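The values are calculated or read from the model by the stated rules, or taken from the named source; none is laboratory data. Since the structure is predicted, the reported quantities are computational estimates derived from the model, not experimental observations. Note that we place each Cβ from the backbone using ideal geometry, even for glycine, and neighbour counts take in every protein chain shown.
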Amino acid sequence: MNPEAYFSLAGIAAMAGWVMLILGPRRFAWFNFIPCWLIPGAISALYSVLVLTWFSSAEGGFDSLASVAALFENDWALLAGWVHFLAFDLFVGAVMAARMDYAGVGRLVQAPILTTTFMLGPLGFLLAAMTELGLRLSILPTQTRSMKGTSNVIA
């Protein structure tokens with residue numbers, strides 16, 4: 001397959017993960033596993049193969065902006081960079097959704113935040129973090145949820 005075909009497959013997989021994350025019933029642990037671990041893991045495996053196969057033959061590097069630009073002139077290296085974003089943004093989105101669920105942020109509020117995370121990763125992360133923090137700060141200390149038995153990922 002050529003880079004364009006892998007680009008399409010990775011994009012379809014990531015889009016499926018985002019649809020599940022935004023619209024799916026997150027009350028089921030097995031369902032959450034798919035957009036949080038399974039799809040980002042599969043995309044990360046593709047990334048690993050691309051990096052191990054193509055980066056040694058690509059020009060450029062990471063020491064300057066010009067070197068990064070030269071590196072991404074190679075379509076395979078550019079594809080690796082793109083699937084890196086797809087995997088990490090989806091994983092971060094899934095973790096932030098779980099955190100917002102735990103903090104009591106409603107799904108209607110989460111939907112545009114998660115969409116922003118999908119389209120503009122770090123901006124969506126910042127919105128999710130600020131929303132969660134704002135909600136947690138607005139709750140009186142006597143009304144906060146117990147942290148016993150929770151994972152550090154969502155606490």
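Given the conditions (1) under 14 Å from Leu86 (Cβ atoms); (2) among the hydroxyl-bearing types (Ser, Thr, Tyr); (3) at pLDDT below 90, report the number of the one that Ser44 does not fulfil.
Checking Ser44 against (1) under 14 Å from Leu86 (Cβ atoms); (2) among the hydroxyl-bearing types (Ser, Thr, Tyr); (3) at pLDDT below 90, the one that fails is (3).
Among the numbered conditions (1) buried (at least 17 other Cβ atoms within 10 Å of the Cβ); (2) of a type outside the set (Phe, Trp, Tyr); (3) in a helix (DSSP H, G or I), tell me where Val105 comes up short.
Condition not satisfied by Val105: (3).
For the stretch 10-24, name all the residues that are surrounded by fewer than 19 Cβ atoms within 10 Å (Cβ to Cβ) and not aliphatic (A, V, I, L, M).
Gly11, Gly24 - these are the residues of the stretch 10-24 that are surrounded by fewer than 19 Cβ atoms within 10 Å (Cβ to Cβ) and not aliphatic (A, V, I, L, M).
More than 18 Å from Pro40 (Cβ to Cβ), modelled with pLDDT under 85, among the basic types (Lys, Arg) and part of a helix (DSSP H, G or I), is that true of Arg136?
yes
Within the bounds of the stretch 67-87, is there any residue that is exposed (fewer than 13 other Cβ atoms within 10 Å of the Cβ) and in a helix (DSSP H, G or I)?
yes
In the stretch 25-45, which residues are over 17 Å from Val92 (Cβ atoms) and surrounded by 14 or more Cβ atoms within 10 Å (Cβ to Cβ)?
Phe31
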